[in-house]
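Inspection log for the structure reproduced underneath, given as C-alpha cells.
Please treat every number below as a calculation from the coordinates, not as lab data. Note that the structure is a prediction, hence the values are computed from the model and not measured. We place every Cβ from the backbone using ideal geometry, glycine too, and count neighbours over all the protein chains shown.
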Amino acid sequence: MTPDEFRKSGHALIDMIADYRTNVEKMPVRSQSEVGDLLNWLPDTPPASGEDAGVLLDEIASQVIPAMTHWQHPSFFAYFPANADLSSVLGDLASSGFGQLGLNWQSSPPLTEFEQRMCDWIRQLLGLSGQWHGVIQDTASTSTLVALLCAREKATDFGQIRNGLSDSAELVVYSSSQGHSSITKAALLAGFGKNQLRACAVNADHSVDLDDLRRQIVDDIANNRKPCAIVGCTGTTATTAMDNIDGLADLAQEYDCWLHVDGAMAGSAMILPEMRHLWRGVERADSVVLNPHKWLGVVFDCSIYYVRDEQHLIRVMSTNPSYLQTAADGEAPNYRDWGIPLGRRFRAMKLWWLLRCEGADQLQNRLRRDIENARWLEQQIDAHPDWHLVAPVALQTLCVVHRPSSVPEPELDDYTQAWCESINASGEAMLTPAVVADRWIVRISIGVIATERRHVEQLWQTMQAHTS
Ligand SMILES: Cc1ncc(COP(=O)(O)O)c(C=O)c1O
C-alpha cells in the first residue's frame, strides 16, 4: 500500500470508527453471530492478487461489525470494561504507523523515554512513592509471570538460573481461592508444580483469610517447604474483593516471601485518593500490576508492572547479546531486560495520548461517575425484597441474585443462569454469570466510557423485565 492509498483508506477507516462509536448504542450488545459464520464466509485459500482497500472497508461494515460483541457499548456490563478511549486509539495508530520497535534505547529513543515518563506519570497518579519503577507489559498475566520468576530467583538466590527447576522444588506460592486464573498459569510457567500452589480460604467479603494463609505457611514450613511468594488481590475478578495488603505484607515480611499485588482492574481506581485505603500497605509489596487497558481507557494492550527493586528484575530477565549492545547501555533503561519479549511495541504512545487529551481530572471524574452509578444500582437492589447482593460493592462491580418466592431453592442456579442468558440473548445489555461461594450469581460491571446513569437505570428495568 502506498502512502497515498493509506491516506485515502485511512481517512475512510477513521470515519467508519467514528460512526461506529456514535451509533454503537443502537446495536445488540452481544454478538448475534453463530459459531463458524465468519469462518465459512472467509475464503478457504489466500487471495492470489491484491484488491482495493475500499472492498475491505465494505466487508468490515457488512460482515465484521455485525458479528462483534460491542465492548464499547454503553450497556456492556460484562467481564470488566476494556475501555478504548478514542484518544488512545489515535496513539495506537501513531505507534503502529511509525513502525517503531524497541530492542534497546537506540532502536527507538522515544519509545524508551516515553515509557519511562508515562510509567512515572501513572505512578504519581496512583499516589505510589518514588521507590517504584514501572515497565509496560502486554497483560497482567505476563506481569504476574515476571513477578513469580523474580520471586523464585530471590528465594533461591538465583539458584534456578544456575541449576534449572531442580532448585525450586520446595518453593510454595500462596494466593486466595478467588485469585485470577493467571496466577495459577504464571506459577506453572515459572516452574512451580500444582502441589506447590495454595489457594487460601476467604472471609465473608471474599478477601483472603489471613489466618488460613498463616496456617498453610506454617504447615509448609513444618514439612520442609519454603514459602516463596504471596499474590494478593486488589479487586478480584468475581467480586472485586480487596485483600488486606497490609496484613499480607506482614506475613510476607515474617516469612521472607515476595509480595505481588494483582490490581489488574482495581488498580486504576487508585487515581482517586479516596480509594487508596483499599490497597493500604501496597508500599510494602515487591511488585504491583495494574491494567490501564481495563477501566482507565487505554486501548488493549497496556499493563504496567511496578517493582521496587528494578536491579533484581533486570538480573532475572536480562540477556545481553553483542548485537544488541550500544553506547547508551547503562545510561537509559533497556526494557527488553524488564520482561519476557525482546521486541517491544510503543505502547507508551497510547498512554500519552490518553493522559494528554483527557487529563487526570477527566479520568477521575469518569471513574467517580461509574462508582456513583454502581451505588445507585446497589440502592435499588437493597430496597427490593427479591433482589440480593452477594458481595460488598467495593467499586463498580455488583454481584446479584434474584430470589423470588416463586422459584424453589434447588432451581435457583438454573433460574439465575436463565435470566442472565435471556438478557444477553436479547442484546439489550450484557452481563456475566459466575459462580461465587458455590452458587450461580450475575456480575454487573459498570464502567464503559459511554455508560451514563440512564443506561444503568435502563439496565435495572431490563433486569426486572427478564425475571419472573
Ligand atoms: C484480577 C485480575 N487479574 C488478572 C487478570 C488478567 O488480565 P490480563 O488479561 O491482562 O492478563 C484479570 C482479567 O480480567 C483480572 O481481573
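ILE340 to SER62: FRET efficiency via 1/(1 + (r/R0)^6), r the Cβ-Cβ distance, R0 35 Å, to the nearest 0.05?
So, using R0 = 35 Å, E works out to roughly 0.35.
What are the extents of the Cα atoms of the chain along their three principal axes, in Å, largest first?
The Cα atoms of the chain stretch 65, 58, 47 Å along their principal axes.
According to the square roots a ≥ b ≥ c of the eigenvalues of the Cα gyration tensor, what is the shape class of region 77-145, taking rounded for a/c under 1.5, prolate for a/b larger than b/c otherwise, and oblate for the remainder?
oblate
Among LEU111, HIS206, ILE17, whose Cα lies farthest out toward the positive end of the dipole of the chain, if unit charges sit on the beta carbon of Lys, Arg (+1) and Asp, Glu (-1)?
The residue sitting farthest along the positive end of the dipole is LEU111.
How far is it, in nm, from the label point at ASP413 to the one at GLU372 when both lie 7 Å from their Cα along the line to the Cβ?
It is 4.0 nm.
Once the piece of chain linking ARG276 and GLU421 is laid out straight, how much longer is it, given 0.36 nm per residue of separation minus the C-alpha distance between them?
48.7 nm is the gain from fully extending ARG276 to GLU421.
Viscosity 0.890 mPa s, temperature 25 °C: what is the translational diffusion coefficient of region 94-354 from Stokes-Einstein with a Kirkwood Rh over Cα pairs, rounded to a whole number of µm²/s?
132 µm²/s
So if each residue of separation counts as 0.36 nm, and I subtract the Cα-Cα distance between ALA328 and ASP361, what length gain in nm does that give?
Gain on extension, ALA328 to ASP361, equals 8.2 nm.
Note down the nm distance, to one decimal, between modelled labels 7 Å out along Cα→Cβ at ARG403 and at ALA450.
Between ARG403 and ALA450, the simple spin-label model gives 3.6 nm.
Would you mind ranking TYR255, TYR323 by Cβ crowding within 10 Å, fewest neighbours first?
Listing TYR255, TYR323 from fewest to most nearby Cβ atoms yields TYR323, TYR255.
Give me the dipole magnitude in Debye, nearest 20, for region 92-248 about the Cα centre, with unit charges on the beta carbon: positive for Lys and Arg, negative for Asp and Glu.
340 debye
Please give the charge dipole size of the chain, origin at the Cα centre, charges +1 on K and R Cβ atoms and -1 on D and E Cβ atoms. Round to the nearest 20 debye.
Dipole about the Cα centre, nearest 20: 740 debye.
In debye, nearest 20: dipole of region 3-68 around its Cα centre with unit charges on the Cβ of K, R (+) and D, E (-)?
Computed about the Cα centre, the dipole is about 320 debye.
Sort SER9, SER182, SER287, SER322 so the one with the fewest other Cβ atoms within 10 Å of its own Cβ comes first.
The fewest-first ordering by Cβ neighbours comes to SER322, SER9, SER182, SER287.
Just going by the charge dipole of region 235-370, with Lys and Arg at +1 and Asp and Glu at -1 on Cβ, which of ALA360, ALA252, ASN291 is farthest out on the positive end?
The Cα lying farthest towards the positive end belongs to ALA360.
Any idea which of PRO43, VAL29, LEU57 is furthest toward the positive side of the dipole for region 3-68, if Lys and Arg beta-carbons carry +1 and Asp and Glu beta-carbons -1?
Of the listed residues, the answer is VAL29.
Using Cβ counts within 10 Å as a stand-in for footprinting exposure, how do TRP460, TRP105, TRP295, TRP352 rank, fewest first?
If I rank by nearby Cβ atoms, fewest first, I get TRP460, TRP105, TRP352, TRP295.
Label-point separation (nm) for ARG162 and VAL35, each offset 7 Å from Cα along Cα-to-Cβ?
5.0 nm
Please report, to one decimal in angstroms, the Kirkwood hydrodynamic radius of region 3-68 built from all distinct Cα-Cα pairs.
13.7 Å
Using just the helices of the chain, give the 222 nm mean residue ellipticity in deg cm²/dmol: DSSP H runs with n ≥ 4 each add -39,500 (n - 2.57), and the total is spread over all residues, rounded to 500.
When only DSSP H runs of four or more count, the value is -12500 deg cm²/dmol.
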